[in-house]
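Below you'll find the structure, written out as structure tokens, and then a few comments.
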Amino acid sequence: EILTKSIRPLPDKFHGLTDVEKRYRHRELDMIVNESVRTTLRNRSTIVREIRDVLHERGFMEVETPALHAQPGGAEAKPFETYHNALGQPLTLRIATELHLKRLVVGGFERVFELGRVYRNEGVSTRHNPEFTTVEVYQAYADYTDMMELTETLLKKSCVAINGEEKVEYQGTMIDLPGSF
């Protein structure tokens, strides 16, 4: 129920918000009329919580690394540029969290991760946002098989948290996750 006067009528709930431009410029309207959008946001929150829980259970330390860099690095992408008035120098928004996390491992932190925003100044569409969240995980003395097992666990636990089982439907196809990938 809405407890305030509405100056403009809401979009028709039966047909939903069909104007793609309006959906992306007015996300609040999209959320009001499209249950699937609200479900997606709830699921994302659950997945992020599951990722954190699994990594903390395994002894990983969550860190926050700088978002402003004097020199971009860690990925091949065009950065957003800004200027720091107090320092009097140009800076860029990070395009990856990789380099600072690797420095932490070299400095003696054997298991680190960051769920962090990255910014890439490249194209924009309904399928590509130049600002997005990544999870990067680094573990000393681990090899690709350890990282594969961790990735499988993260996917399975997230799937169970959302669906109650290790199955997920993707583009009309049911995918069964038990066992090793």
Practice task
Please go through the stretch 89-163 and write out the GluC sites (Glu not before Pro) that DSSP classes as loop and that have at most 14 other C-beta atoms within 10 Å.
Solution key: 110, 122
Completion exercise
In terms of the alpha carbon gyration tensor, root eigenvalues a ≥ b ≥ c, rounded if a/c is under 1.5 and otherwise prolate when a/b exceeds b/c or oblate, the stretch 28-123 is oblate
Exercise for the section: First measure r as the distance between the Cβ atoms of residue 7 and residue 125, then evaluate 1/(1 + (r/R0)^6) with R0 = 35 Å and state the FRET efficiency to the nearest 0.05. Expected result: 0.65
Exercise for the section: Compute the Cα gyration tensor for the chain, then decide on rounded, prolate or oblate, letting a ≥ b ≥ c be the square roots of its eigenvalues: rounded whenever a/c is under 1.5, prolate when a/b is larger than b/c in the other cases, and oblate in all that remain. Expected result: oblate
Completion exercise
The simple spin-label model distance between residue 160 and residue 71, using points 7 Å out along Cα→Cβ, in nm, is 4.5 nm
Problem - Along principal axes, Cα extents of the stretch 69-157, largest first, whole Å - result: 43, 38, 20
Exercise for the section: Quick one: what are the phi-derived ³J(HN,Hα) couplings along the stretch 165-181, Karplus 6.51/-1.76/1.60 with θ = phi - 60°, whole Hz, x for glycine and proline? Expected result: 7, 8, 9, 9, 9, 10, 6, x, 10, 7, 10, 9, 9, x, x, 8, 7
Problem - Residues of the stretch 62-181: accessible area per residue with a 1.4 Å probe, Å² - result: 66 Å²
Exercise for the section: Determine the relative contact order of the stretch 71-181: mean sequence separation of Cα pairs under 8 Å and six or more apart, normalised by residue count, in whole percent. Expected result: 17 percent
Fill in the blank from the handout: Taking only the alpha-carbon positions of the stretch 115-164 as identical scatterers, the Debye log10 I(q)/I(0) at q = 0.18, 0.20, 0.32 Å⁻¹ comes out as -0.82, -0.88, -1.09
Fill in the blank from the handout: Here the gain from full extension of residue 41 to residue 85, 0.36 nm per residue of separation minus their alpha-carbon distance, amounts to 12.2 nm
Exercise for the section: Would you please give the residues with an amide H less than 5 Å from that of residue 95, counting only those at least 5 places away or on a separate chain, with H modeled from the backbone geometry? Expected result: 73, 119
Problem - the stretch 33-68 residues near the modelled residue 110 label - backbone nitrogen below 12 Å, point 7 Å along Cα→Cβ - result: 59-60
Practice task
Count the net charge of all other residues whose Cβ sits under 12 Å from the Cβ of residue 104, scoring Lys and Arg as +1 and Asp and Glu as -1.
Solution key: -3
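The values are calculated or read from the model by the stated rules, or taken from the named source; none is laboratory data. Fair warning: this is a prediction, and the values are worked out from it, not measured in the lab. Every residue, glycine among them, receives a Cβ derived from its backbone with ideal geometry; neighbour counts consider all protein chains shown. In case anyone asks, the SASA skips ligands and DNA or RNA and just uses the protein heavy atoms, side chains included. Shrake-Rupley method; radii C 1.70, N 1.55, O 1.52, S 1.80 Å.
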